[in-house]
Amino acid sequence: MHMHLHGLSMSLKVVNEFERAVIFRLGRLVEGNPKGPGMFFILPCIDNYVKIDLRTQSFDVPPQEVLSKDSVTVQVDAVVYYRISDPVTSVTNVVNVNQSTKLLSQTTLRNVLGIKTLADMLTDRENISEMMQTTLDQATDPWGVKVERVEVKDVRLPPQLQRAMAAEAEAAREARAKVIAAEGEQNAAVAYAEAADIMAEEPGALQLRYLQTLNLISAEKSSTIVFPLPLADMGLDQITKPFGGGGAGDTGHAGLVHRGT
């Protein structure tokens, strides 16, 4: 839209709420704050302007091959969130602020991760993200850019290293399992010794244990079990003598036969 004021032609321009216009007149920056939001006027053929978007923008950092502090090569990618904090500086101090921020983020990612070990990369991503955000924010401040957030997305390991780490973790789990089993055997041995002492004081307790074990075995499998019981300890030797028990070949035991179903 063009307007004529006292013989001077002016052009009406509009920018959105989230935009600002940096105006140049005959190649020189017009003093004052950027124009917008809303309407503003420029002089045709004399003024030109650049619209700057103030909204937060994001981009993916392509996967970067990084050599860690402990000499392991990994591929790492990230995502960066940033916005233009100073429209004038972003136009006058750098040719392409978006492209420059993307390229700088790639080198920053490699530099930050190069001083970290593989274990740090896998377990301390939050600290790495904060370091990247601080480093990028300081580097892009002269460009009028505010880096708001950096997130490390993925750390990809070589297949050979993945297999080696899996084998190491499995060996560690097996070692812990053996230690736990050995501790269990030790505790069980102490408990068995205490139980044996108690049963030695009460002979009848051993017979009850016999019967309990027989009940447990018969409930699990169908089988025939012959379980020796010392009759003398149970007080049954007097009952069996009238039937021929207690002879020269008598051992003082009776066989209890159980046939499972």
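The values are calculated or read from the model by the stated rules, or taken from the named source; none is laboratory data. Bear in mind that the values here come from a model prediction, so they are computed numbers and not experimental data. Note: accessible area is taken over every heavy atom of the protein model, side chains too, but ligands, DNA and RNA are not part of it. Shrake-Rupley method; radii C 1.70, N 1.55, O 1.52, S 1.80 Å.
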(message) Let me cross-check ILE115: its accessible surface, 1.4 Å probe, with only protein heavy atoms counted, in Å² to the nearest 10?
(response) 100
(request) Leaving ligands, DNA and RNA out of it, report the carbon-plus-sulfur percent of the accessible area of the stretch 13-136 at a 1.4 Å probe. (result) 48
(request) Could you pull the Rg and Dmax for the stretch 100-157, using just the Cα atoms, both in Å? (result) 11.5, 36
(request) Would you mind checking LYS116/LYS178; LYS51/LYS153; LYS69/LYS153 for any pair whose Cα atoms are more than 28 angstrom apart? (result) LYS116/LYS178; LYS51/LYS153
(request) Starting at the first residue of the stretch 45-53, write each ³J(HN,Hα) from the Karplus equation 6.51 cos²θ - 1.76 cosθ + 1.60 with θ = phi - 60°, in whole Hz, x for Gly and Pro. (result) 6, 10, 9, 9, 9, 10, 8, 10, 8
(request) Please work out the C-alpha center-to-center distance from the stretch 40-93 to the stretch 95-170 and express it in whole Å. (result) 16
